[in-house]
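This report refers to the structure that appears directly beneath it.
The values are calculated or read from the model by the stated rules, or taken from the named source; none is laboratory data. Quick caveat: nothing in here was measured; it's all calculated off a predicted structure. A quick note on method: Cβ atoms are made from the backbone with ideal geometry, for glycine too, and the neighbour counts reach across all protein chains shown.
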Amino acid sequence: MKRLVLMRHAKSSWADPGQADGERPLNERGRLVAPLMGAWIAERIGRPDHVIISDARRAVETWERAARLFDSPPAAVADQRLYMADPAALMEVLRAAPAGAGSVLMIGHQPGLSGFARRLSGGAVPPHCAEAFAKFPTGAAAVIEFDLDSWAAIDWGSGRFRHFGVPKQLV
């Protein structure tokens, strides 16, 4: 079995309107929420085996803060393909994940994450997870499971949606 956690970066700052989008840091709320969601992930899947993040500063900072909740957290692989990626690009990155990784955490952006989650699960979602398809708020995370032995074998509709967590539910 493989477990995928899709996480949207935590809330970012818009304090400097001239700052490039990829350079925006987390705001105060984002800095507080990222470790809370790290704890949420730890409770549901434990320590992720492999972490792939967007190279946007807000995604990097989200992982840095969430990683504090894991013993010996894996080093994240920053991949520019996750920055504002559509579901097809996210699938390409996921299929290349190490075969030996039982769990993968991907930290990215909207609108790609919600579309990716929807397509992976074939649109089937428990009622308590429906918000994942509608909005996928900043800092939110979804857990999708696959009865497969290889990330390369994952296809659209092959996953089962298990959990969806939103920071406002935790505070």
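Of the candidates 111, 74, the single residue that is free of Cβ contacts under 8 Å to residues at least 60 places away in the same chain and either surrounded by 19 or more Cβ atoms within 10 Å (Cβ to Cβ) or touching a strand residue (DSSP E or B) at 6+ places or on another chain (Cβ under 6 Å) (or both) is 74.
Tally time: how many residues in the range 30-71 are in contact with a Pro (Cβ under 8 Å, 6 or more places away or on another chain), closer than 19 Å to residue 137 by Cα and surrounded by fewer than 17 Cβ atoms within 10 Å (Cβ to Cβ)? So the count comes out to 0. Just name the residue that is farthest from residue 27 (Cα to Cα) out of those in the range 135-149 that are part of a loop (DSSP other than H, G, I, E, B) and touching a helix residue (DSSP H, G or I) at 6+ places or on another chain (Cβ under 8 Å). Among those that are part of a loop (DSSP other than H, G, I, E, B) and touching a helix residue (DSSP H, G or I) at 6+ places or on another chain (Cβ under 8 Å), it is 135. Total residues in the range 119-134 satisfying the condition of being in contact with a helix residue (DSSP H, G or I) (Cβ under 7 Å, 6 or more places away or on another chain), within 30 Å of residue 31 (Cβ to Cβ) and in contact (Cβ under 8 Å) with a residue 24 or more places away in the chain: the figure is 2.
To keep it simple, each residue is scored yes or no on (1) within 11 Å of the chain's Cα centre (by Cα); (2) modelled with pLDDT of 95 or more.
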{"residue": "84", "(1), (2)": "no, no"}
{"residue": "91", "(1), (2)": "no, yes"}
{"residue": "99", "(1), (2)": "no, no"}
{"residue": "102", "(1), (2)": "no, yes"}
{"residue": "107", "(1), (2)": "yes, yes"}
{"residue": "127", "(1), (2)": "no, no"}
{"residue": "157", "(1), (2)": "no, yes"}
{"residue": "162", "(1), (2)": "no, no"}
{"residue": "166", "(1), (2)": "no, no"}
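Of all residues in the range 114-146, those that are in contact with a Ser or Thr (Cβ under 8 Å, 6 or more places away or on another chain) and either crowded, with 20+ Cβ neighbours inside 10 Å or not small (Gly, Ala, Ser) (or both) total 9.
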